[in-house]
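These notes are about the structure you will find just below.
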Amino acid sequence: MLTYKNGDLYLEEVALRRIGDEVGTPVYAYSSGALKRHYQEFQTALHGLDHMICFAIKANSNQAVLKCLADLGSGFDAVSGGEISRALHAGAPGHKIVFAGVGKTKDELRLALEAEVCQINVESEPEITSLNEVAQSLDLQAPIAVRVNPDIDAKTHEKISTGKSENKFGVPISRIRDIYRHASHLSHIKTTGLALHIGSQLTDLAPYRDAFRTACDLFKMLRGEGHPLKRLDVGGGLGIPYKSDDTPPSLAEYGALLKEFVADIDCQIIIEPGRHIAGPAGVLLTRVLYVKSGNGREFAILDAAMNDLLRPALYDAYHRITHVSQPSLNEKKRLYDIVGPVCESADTFAVHRSMPIIKPNDLMVIEAAGAYGSVMASEYNTRPLTPEVLIQSDAYSIVRKRPSIDEIISRDRIPSWL
Ligand SMILES: *Cc1c(COP(=O)(O)O)cnc(C)c1O
């Protein structure tokens, strides 16, 4: 998808240099072809299963990205009222939206019910009570799946692990039976599903095996108790290769494993991939401002920073960083610390990275930045929110423009008494 042609890096058929020159940097660039292909690859892997792929909006919520997927028939996993509105606005029907999240407000629950989402994944008894009240006030039945916390170690970064008993997510297995019994007695709740999501960036199938086994056992047990379950939601989390030698499971292996467990359950399977669809489809394009020598270190200072892409600062995440101008094969390499201009030492994209020579004004891409990139961006240091472009074949469109400093400042108000 990223390829050099005549010495310049292209995403699809667009030279990234063109985007850098015309839109300015830093800027996120996404390939619509890759987004669609990744969605279709999930379809292929789950072929033969009654399933719905619900793209996790929190990975990349740009309207153009959502529309790209909605047009293919994708469902969506929303974790806030704002994300439900984004999905509806991009053309997704309510019945293809799953509403998840550990702390939903009553306003958000009302929005979800009014949008007739297919399922609300609840995470506590008090939430079920709240939801019952809201549904009663609207004279609607709320379709719920309880999110179980299976106490499984996803073997991923601690900040993106969600299925261990010490994580805030879900309800413990030991309470599941009672919670379903309680919920089924509420007048405006329908127990229609079971959900789990054990973490993100999983690079091993073993935790999935444990999770699928637990989920299927619970599903059968709950049906045995008379709950009319129709859907099993196994969450997202499949990892992508950030490093060249990362080897996450293939979609085919993931699909085969899932089929193995759910073969004898007659229900719809929901999966909620985010990173796997959007991550590899995008890059953060940035220009080198300065190269300076420190004490035994070379610093390459980019015009992109932690406010544009937070993952390295937040999770110590690794991203490949690549020259837009193809380095010659025999070009010598040096060790660089690649950093942004923000006034934080955490504003570091790579430490001691072996790279072909970096010069001021070079264009670089930070790869696999299509998921959890732009959505986590902020205007820290009054750096404008990073713009985004979407590429299709040999053309691109700006799908979120860079705000001007005046726009940013004009959001603030000076009270009359100052
Ligand atoms: C974050 C999240 C996902 C998506 O995770 P990925 O690692 O991006 O696939 C899916 N479901 C829930 C409930 C989540 O919180």
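Determine which member of the set 193, 199, 170 is modelled with pLDDT under 95, within 21 Å of residue 120 (Cβ to Cβ) and not aliphatic (A, V, I, L, M). Only one candidate qualifies: 170. A single member of 386, 382, 322, 348 is over 23 Å from residue 66 (Cβ atoms) and in contact (Cβ under 8 Å) with a residue 60 or more places away in the chain, and it is 322. Candidates 167, 132: the one that is outside any loop (DSSP other than H, G, I, E, B) and either within 14 Å of the ligand (Cβ to nearest atom) or touching a His at 6+ places or on another chain (Cβ under 9 Å) (or both) is 132.
Listed by first and then second residue, the pairs with beta-carbon distance under 6 Å, at least 6 apart or on different chains, first residue in the stretch 11-22 and closer than 12 Å to residue 284 by Cα, second open to solvent by less than 90 Å² (accessible area, probe 1.4 Å) and outside any strand (DSSP E or B), are 16/324. Part of a loop (DSSP other than H, G, I, E, B), within 14 Å of the ligand (Cβ to nearest atom) and either without any contact (Cβ under 8 Å) to a residue 60 or more places away in the chain or under 18 Å from residue 124 (Cβ atoms) (or both): is that true of residue 235 in this structure? So residue 235 fits the description; yes.
Only one entry of 161, 200 meets the criterion of being buried (at least 23 other Cβ atoms within 10 Å of the Cβ) and either within 16 Å of the ligand (Cβ to nearest atom) or under 21 Å from the mean Cα position of the chain (by Cα) (or both), and that entry is 200. The condition (being in a loop (DSSP other than H, G, I, E, B), farther than 19 Å from residue 303 by Cα and not assigned by TED's automatic domain parsing to the domain that holds residue 78) is satisfied by just one residue among 397, 416: 416.
Quick grid of which residues meet (1) more than 21 Å from the chain's Cα centre (by Cα); (2) surrounded by 19 or more Cβ atoms within 10 Å (Cβ to Cβ):
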site	(1), (2)
205	no, no
218	yes, yes
228	yes, no
261	yes, yes
284	no, yes
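Looking at the structure I just gave you, is residue 350 outside any strand (DSSP E or B), of a type in the set (Gly, Ala, Ser) and crowded, with 18+ Cβ neighbours inside 10 Å? The answer is no for residue 350. Of all positions in the stretch 380-392, none carries a residue that is in a strand (DSSP E or B) and under 17 Å from residue 294 (Cβ atoms).
The values are calculated or read from the model by the stated rules, or taken from the named source; none is laboratory data. Nothing here was measured: the structure is a model prediction, and the numbers come from that model. No Cβ is skipped: glycine too gets one built from the backbone with ideal geometry, and neighbour counts run over all protein chains shown. What goes into the accessible areas is simple: the full protein's heavy atoms, side chains included, and nothing from ligands, DNA or RNA. Shrake-Rupley method; radii C 1.70, N 1.55, O 1.52, S 1.80 Å.
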